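Input: a single structure, listed below in structure tokens.
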Amino acid sequence: MILRTMFLSLVFWLAGCTITGKSPPAQFYVLPAPRQIQPLSQGEQVIAIAPVRLPKYLERPQIVTLHEDGKLELAEFHRWAEPLRAGFTRVLGAGLAARLPQSHILTLPAPRAHPDWVLRTQVHEFQVYPDHCRLQVDWRLSRGGRVHAWHRAEIRQPLSGRGYGAIVTAMGLAVDRLAARVAEALTRAE
């Protein structure tokens with residue numbers, strides 16, 4: 001009886017060691033907003049950003065990278081601190097606000113908003129490869145319910161280092177480069 005009790009105690013102890021084994025702590029990231037940007041000249045207007053549409057496989061807390069053979073890798077211990085859709089919208093809005101400082105940037109839905117422009121984006125690819133980030137997106141500007149401009153963009157942002165910090169930085173810079181293109185289109189549309 002004593003041997004059986006000791007054996008069961010040892011089994012439970014070993015099981016507890018396995019279950020409570022140390023795993024690396026999770027790291028959480030947000031897309032970085034642009035820093036110093038040269039503003040473009042433009043008059044005051046209201047620009048609304050509609051909810052960004054992402055591929056379903058990116059709508060998860062893990063950071064997703066792509067291998068050459070098309071295999072997706074989900075980083076279990078490197079996660080978004082906010083949904084990627086929200087981060088994308090935040091960085092896009094910050095990039096527009098920095099370049100168009102007299103404009104008011106808001107996100108939809110916004111009650112009682114009457115924007116001069118509505119920006120809609122459909123992301124087709126937002127992947128990280130071994131040496132670069134690739135953002136492929138359709139975006140359009142609408143005014144008064146009518147599409148004014150429709151664009152397809154492919155942005156390749158080189159990685160400036162290794163690790164998930166470099167990946168997240170490259171992804172943020174790619175979104176900011178998209179904001180630069182949208183801002184240029186808005187200044188030409190005036």
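Residue count for the stretch 119-147 under the criterion of being more than 18 Å from LEU108 (Cα to Cα), of a type in the set (A, V, I, L, M) and modelled with pLDDT under 95: the result is 1.
Residues are listed down the side, and each one gets a yes or a no for (1) more than 19 Å from the chain's Cα centre (by Cα); (2) under 14 Å from VAL46 (Cα atoms):
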| residue | (1), (2) |
| --- | --- |
| LEU108 | no, yes |
| ALA113 | yes, yes |
| CYS133 | no, no |
| GLY144 | yes, yes |
| HIS151 | yes, no |
| ASP176 | no, no |
| ALA179 | no, no |
| LEU186 | yes, yes |
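Taken as a whole, the structure places ILE49 among residues that are in contact with a strand residue (DSSP E or B) (Cβ under 6 Å, 6 or more places away or on another chain), of a type in the set (Val, Ile, Thr), crowded, with 16+ Cβ neighbours inside 10 Å and within 21 Å of VAL182 (Cβ to Cβ). Are any residues in the stretch 90-135 outside any strand (DSSP E or B) and farther than 23 Å from ARG146 by Cβ, and if so, which ones? Selection gives ARG90, VAL91, ALA94, GLY95, ALA97, ALA98, ARG99, PRO101, GLN102, TYR129, PRO130, ASP131. Scan the stretch 162-190 and report the pairs whose first residue is part of a loop (DSSP other than H, G, I, E, B) and whose second residue is not basic (Lys, Arg), with Cβ atoms within less than 9 Å and a gap of 6+ or a chain change. Cβ pairs passing all conditions: GLY163/HIS78; GLU190/GLN42; GLU190/GLY43; GLU190/GLN45.
The values are calculated or read from the model by the stated rules, or taken from the named source; none is laboratory data. These figures come from a predicted structure and were not determined experimentally. Note that each Cβ is placed from the backbone with ideal geometry, even for glycine, and that neighbours are counted across all protein chains shown.
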